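Here is the structure we will look at.
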Amino acid sequence: MTSLSSDSRYARQVRFSAIGEKGQAKLLQAHAVIVGIGALGCVISNHLARAGVGTLTLIDRDIVDRSNLQRQLLYDERDAETATPKAIAAAARLMKINSDITIIPQVADLSSYNAETILSGADIIIDGSDNFGVRYLINEFSVKHRIPWIYGGAVGASGMSFTIIPRVTPCLRCLFPETPAGGSLDTCETAGVLSPIVDTIASIQVMEALKLLTGQHEALHSSLLQIDLWHHEWQSLSITGARKPSCPVCGQHQFEILDDDVQQETMTASLCGRNTVQVSPARPLRLDLKSLELRLSKAGHTETNPYSLRVHLNDSLTFLLFTDGRALVMGTDDPHLARRTYTQLMGD
């Protein structure tokens, strides 16, 4: 059997003394879940695949769009032209990079309905998402199951990251007790985003993941790290002592978001910078897209693949339906129009 030190794929990594053969063996047995395979998620999953993390689960609700290509490094123009789901396109690219690992793409919107299923088995969860609602859900799952997770965010030329280890560090709710009010934070839509800050924050997240997965906890930066590349500013804020016994999640073990199953109607969410609204049914469905294609073809030209059914309704509006019942209404940022379109095509 070939030793890890003589395997050319990981040779340079194994020679780094803090990893070594033992650390590499741990990586090959590890399971990392990346939530969101956009800008951060592309860099994160690329590094982890090349590092030999044995199983990667890639979770993303979206398709590749031309506007992604400036910073989402696993995708190309063909992916955008075919509206390929990001999780599928990323998995295909990563398998060409490292065919020895297991990659599990999940075309899904992470929610209280599926979190226990698609996050299960993870040794670590890494945040590549773009909204705090998903992050609070990850945080609750992390604390409930004692699985570490690594927060990351980037907008403009700035970003931040910190690592959460349940029962050791503060959790997200300790540091941010309330979801930031709508409009209070810059987004990629309002402030744009430059690719170098994405690479920087994602690389920091991956380095923290490698430390955790190889058991090098003493090397963690243990801070809220804030970086502004445009102004060459790096700030490391200590979070020692910030863990709160009164925190409803890590202090009181109340999992309000994770345990919430009261959604009774379709929900809408605008996708940042995309002129697109996602419409989600009250409960995830299991649709046979081929059987729906004939009926929906009466509304416009249809295209289907194993993951989605696209209906071109008119020159400006496109309806993209996934097997779980979610739809992207493309060509509008009006949630009322999106919901009305969904109801007209799919019923109440």
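Values in this text are rule-based calculations from the coordinates and carry no lab data. Computed from a prediction, not measured in an experiment: that's the story for all the values here. So basically every Cβ, Gly included, is an ideal-geometry build from the backbone, and we count neighbours across all protein chains shown.
General observations
- Per-residue 3J(HN,Hα) values for region 205-217, derived from phi via the Karplus relation 6.51 cos²θ - 1.76 cosθ + 1.60 with θ = phi - 60°, read 4, 5, 4, 4, 5, 4, 4, 5, 6, 9, x, 9, 4 Hz in sequence order (x marks Gly and Pro).
- Gain on full stretching of the segment that runs from ASN114 to ALA92 - 0.36 nm per residue minus C-alpha separation: 5.6 nm
- Cβ-Cβ FRET estimate between LYS22 and ARG286, R0 fixed at 41 Å, reported to 0.05: 0.40
- Charge dipole of region 121-232 about the Cα centre (unit charges at C-beta), most positive-ward option of LEU172, SER223, SER142: SER142
- Mean sequence separation of contacting Cα pairs (under 8 Å, at least six apart), scaled by the length of the chain, corresponds to a relative contact order of 13 percent.
- Theoretical ellipticity at 222 nm over the chain - DSSP helices of four or more residues, -39500 (n - 2.57) apiece, nearest 500: -9000 deg cm²/dmol
- For the chain, modelled as a GNM whose springs connect Cα atoms under 10 angstrom apart, the maximal fluctuation among ARG61, ARG71, ARG274 occurs at ARG274.
- Simple Cβ-charge dipole of the chain, Lys/Arg +1 and Asp/Glu -1, about Cα centre, in debye nearest 20: 800 debye
- Computing Rg and the Kirkwood Rh from the Cα coordinates of the chain gives a ratio, Rg/Rh, of 0.97.
- Placing unit charges on each Cβ (+1 for Lys and Arg, -1 for Asp and Glu) gives the chain a dipole about its Cα centre, and among ALA18, LEU294, ALA51 the Cα reaching farthest toward its positive end belongs to ALA18.
- Top of SER203, SER316, SER270 by mean-square fluctuation, Gaussian network on the chain, Cα under 10 Å: SER316
- Unit charges at the beta carbon, dipole of region 4-238: most positive-side option, GLN29, TYR75, PHE162: GLN29
- When each of LYS22/LYS144; LYS26/LYS86; LYS144/LYS244; LYS22/LYS86 is checked by Cα-Cα distance, pairs over 25 Å: LYS22/LYS144; LYS26/LYS86; LYS22/LYS86
- Mean separation of Cα contacts under 8 Å (6+ apart) over length of region 267-346, as relative contact order %: 34 percent
- Simple spin-label estimate for ASP260 and ALA191 gives 2.5 nm between the two label positions (7 Å along the Cα-to-Cβ direction from each Cα).
- Simple spin-label estimate for ARG340 and ASN131 in nanometres, 7 Å along Cα-Cβ: 2.2 nm
- Cβ crowding within 10 Å averaged over residues, with 142-151, 123-132 ranked highest first: 123-132, 142-151
- If a spin label sat at a point 7 angstrom from the Cα of ILE104 along the line to its beta carbon, the backbone N atoms of region 42-63 nearer than 13 Å would be those of 54-59.
- Length-normalised contact order for region 136-249 - Cα pairs under 8 Å, 6+ apart - percent: 32 percent
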